[in-house]
Structure formats: C-alpha cells, structure tokens
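Read through the structure below, which is laid out as structure tokens, and then see the notes.
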Amino acid sequence: MAEKTLGIGLVGTKFMGRAHSNAWMTAPRFFDLPREVLMRAVAGRDVADVAAFSRRWGWQCCTDDWRDLLDDPQVGLVDVCTPNHVHAEVSIAALEAGRHVACEKPLAGTIADARAMRDAARKAARRGVRTFVWFNYRRCPAVALAHQLVKEGRLGRIFHVRASYLQDWGGPSTPLLWRFQGKLAGSGAHGDLNAHIIDMARFVTGEEVTEVVGALEETFVKERDLVEASGGAISGKGAKRATRGRRKAKSTVDDAVLFLARMSGGAVASFEATRLATGNQNRNTLEVNGEKGSLRFDFERMNELSWWDHALPARLRGWSVIMCTDAAHPYAGNYWPAAHVLGYEHGFVSQAADIAMALGRRKPVVPIPDFADAFEVQRVLEAAIRCARTRRPVSVADIR
Ligand code: SOE
C-alpha cells in the first residue's frame, strides 16, 4: 500500500460508528490532507447490520470479526467505536499488529485497562506506531480558541475552573443499555461525561488536576428494564421479574458524579456530570476565570465563546460573545463563510483531518490527545471515584 494512503478499519456501527464514518468521509472534502483516506473496512457483531452499515456509509468491505481488520494489509489505522470494555482488547491487538489506533473516549472503563493501553501505546511508539483518542470537543472552534487565548497569556493566572456536563436522557424509563452496566461501561455519567470535561479543562487551561478534595457519586435509578432484542430475547444478567410485569435488572453505574479539585497552577475547580438534569439535553459547559480575563463555553451554543477582557478600561468592560466562525478561528475557515454555523459532527471531521495530518507528518491545528494523555484523564476519574467512596481527599499522583 502506498504510504500516501491511510486505510481505515472501523470497529463499531452505532452512534460513534456513524459519527466517525461521516468524519472519515467528509474530512478530505474540507481539508487538504497529506494522505488519501481510504474507508477500507468496517467490523460489527451482526452480519446483516454491518453489511447495511457498510453500504450506507461507503466502506469498501465489512466483517463480523474485528480481527479480520488486522489481517488486511490495507488497514493502516484501526478506529475503535465499541462499548468501553472492548477498547483495551481491540486497541492492544491492533497496536501489536503495527496499526495506528484511534479510540473513542473514555480511554477505558477501568484504570487497569487504561494502564495496559497506555503501556501498549508506549511500546508501539518505539516502532513509529501512533495512538489518538476522540475527545471531539477540543475541536469545536470555540474550545480551540479558548485553548489558544489561555496559551497566549490573555487570561493570566487562572483562579477558578467550573466544568459541567449535564444530560437528561437517563431517567427511569431508559432501559438497561450497556451504558448502565458497570462491567461494560466501567462507570455511568462519570466516564461518559466527566471524561470530556476533565479533558477540556486540561486542554484549555494547560494545567493538570492534581488532587480531588471532595466527591459525590449517586445512582438514583436502581433498576432498569432489560433491553428486548429483536425476536423477543431479553439481555442482561441477573434479570428478575419486576412488580409491573416487566423484567428488570440492577443498574450498576452512577447516574451523577460531582467533584471538587485542585489544578497544578493553583486554581480551584469543580466538575459535575449527570444524566438526570431534566431539561439539559447536552449542556457541556466550561468556565475559566483568570486574573486578566474570563471565558465561558456552552456546547448548546457551540459556535460562541463568551470572553471578558479585564485589560479594558472599567467603563468598557463587559461580556463579549465571539461568533467563532471566522476564517481567523481554528478550523472554521475550512468549512463555510462566517456565521454559517458548525455542528456536533464537525468536531469529529476536524479530528479525522488532524489525525491524517499527524500521520502525514504535518502539525494538527491543536494537539490531539494520545493514549498517554487520555490516561491522565482516567487517573482523575479514578481519583474522584476513590474520593467519593472513601470520603477522603485523593492525590492524583497516587493513581498510577
Ligand atoms: C452519551 O452520553 C453521549 O453520546 C456521550 O457518550 C458522548 O461522548 C457525548 O459527546 C454526547 O453524549
């Protein structure tokens, strides 16, 4: 295979499988990439489903066994979009087979899996094999701009970080999907949503979370309906008949996790993740307050970044809302004219482009997290859970 081509092998065909397929398909249309993207093969568990998925999204071929991707010399990068408990097995096998790996967040469901992935990535790096993690929100132009503004010193010393990721789809009527099963997901809102905002806080401030000083973990919905597969079969271990006649089983993950932390530059920080914040459907927010200015981002208004410039004379100071769609903003110039707004999918498209850039020895617009970077997020997730369970402060340095 010519070095000029980057052959992708995708594992997973659900929500993220669609987002990534769209990203690989679209990135070469909007970005001048150093390597041609080849949508080589997709793997999914169900033969009929994966065949239909492959046709719809334009993959060259498909399989119901992800190991087949590693036998295909045209696959240069394996893209992992499976539930969390499978990330380690697929990623490590792909790295050992000499393939670059791009894995969905969180890196893994458990710190042990994440550590094994980080170690495998370290080993593979010696052979020139690269890893990437899809923390997609870094590539919202507004978030990338926030990162640039802090890096330029425009906020000065950072005092205070407030991050929250609120969703509301996890009420009692939502069945026991894999995301509510501890063995598959590792955790609930914590790994799913806090992982994003921990990464965003680190990325924007350039600081690490060093200590979790207080944390709360809560599972409000203790039992959920078992998911009925086609043909009436019911999934999930430990099923029992619930009083209303539907079969239920225990939810083994958190619905909400909140924690307070310290950052390496001395800032204090709070993080909140929940799937039960009624009316907040995908409210991923970050506020950073510094000596010279402050920033606010809310994904539900993802094209905007609010900015307070404290260097202005007092009579002119006020929140300004920057529409981050100008060619001067990160990524925006690759898409449409100013104020022709971007959406959720563009973060993935821009990340696919940056991965192709990095593998073509060109600099991505903003840094792409690799397994070592995502392991840092996993350490913070683990510190927060240990803090919630022991009711004692936990130093991130103690999580290795
Ligand atoms: C579901 O909670 C979910 O799809 C997350 O898994 C994603 O990472 C997030 O971006 C949107 O919400």
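The values are calculated or read from the model by the stated rules, or taken from the named source; none is laboratory data. The shown structure was predicted, so the numbers you read here are calculated from the model rather than taken from an experiment. With ideal geometry, Cβ positions are generated from the backbone for all residues, glycine too; neighbour counts draw on all protein chains shown. Note: areas computed on protein heavy atoms with side chains; ligands, DNA, RNA excluded. Shrake-Rupley method; radii C 1.70, N 1.55, O 1.52, S 1.80 Å.
Being at pLDDT below 95, over 21 Å from M200 (Cβ atoms) and in a loop (DSSP other than H, G, I, E, B): is that true of R392 here? Answer is no for this residue.
The residues of segment 98-127 that are open to solvent by less than 40 Å² (accessible area, probe 1.4 Å) and assigned to a loop (DSSP other than H, G, I, E, B), listed by number, are G98, R99, K105, P106, L107, A108, G109.
Residues in segment 166-181 that are in contact with a Gly (Cβ under 8 Å, 6 or more places away or on another chain) and open to solvent by less than 20 Å² (accessible area, probe 1.4 Å) were compared, and the one that is nearest to A249 (Cα to Cα) is L176.
Looking at A353, is it part of a helix (DSSP H, G or I), open to solvent by less than 20 Å² (accessible area, probe 1.4 Å), of a type in the set (A, V, I, L, M) and in contact with a helix residue (DSSP H, G or I) (Cβ under 7 Å, 6 or more places away or on another chain)? Yes: the conditions hold for A353. Close Cβ contacts (under 9 Å, 6 or more residues apart or on different chains) running from residues in segment 160-177 that are farther than 19 Å from R283 by Cα to residues that are within 10 Å of the ligand (Cβ to nearest atom) and aliphatic (A, V, I, L, M) comprise L177/A185. What's the number of the condition V365 fails, among (1) in a loop (DSSP other than H, G, I, E, B); (2) modelled with pLDDT of 95 or more; (3) surrounded by 16 or more Cβ atoms within 10 Å (Cβ to Cβ)? It is condition (2) that V365 fails.
Condition (residue is within 18 Å of the chain's Cα centre (by Cα) and assigned by TED's automatic domain parsing to the domain that holds E272) applied to segment 149-163: is it met by at least one residue? Checking segment 149-163: at least one residue is within 18 Å of the chain's Cα centre (by Cα) and assigned by TED's automatic domain parsing to the domain that holds E272. Criterion applied to A339, A374 was being open to solvent by 50 Å² or more (accessible area, probe 1.4 Å) and of a type in the set (G, A, S), and the one residue passing it is A339. Can you find a residue in segment 120-139 that is away from the ligand (no atom under 16 Å from the Cβ) and within 22 Å of H346 (Cβ to Cβ)? The answer is no; no qualifying residue exists. Which of the residues spanning segment 122-166 are over 26 Å from P330 (Cβ atoms) and hydrophobic (A, V, I, L, M, F, W, C)? Those that are over 26 Å from P330 (Cβ atoms) and hydrophobic (A, V, I, L, M, F, W, C): A124, A125, V129.
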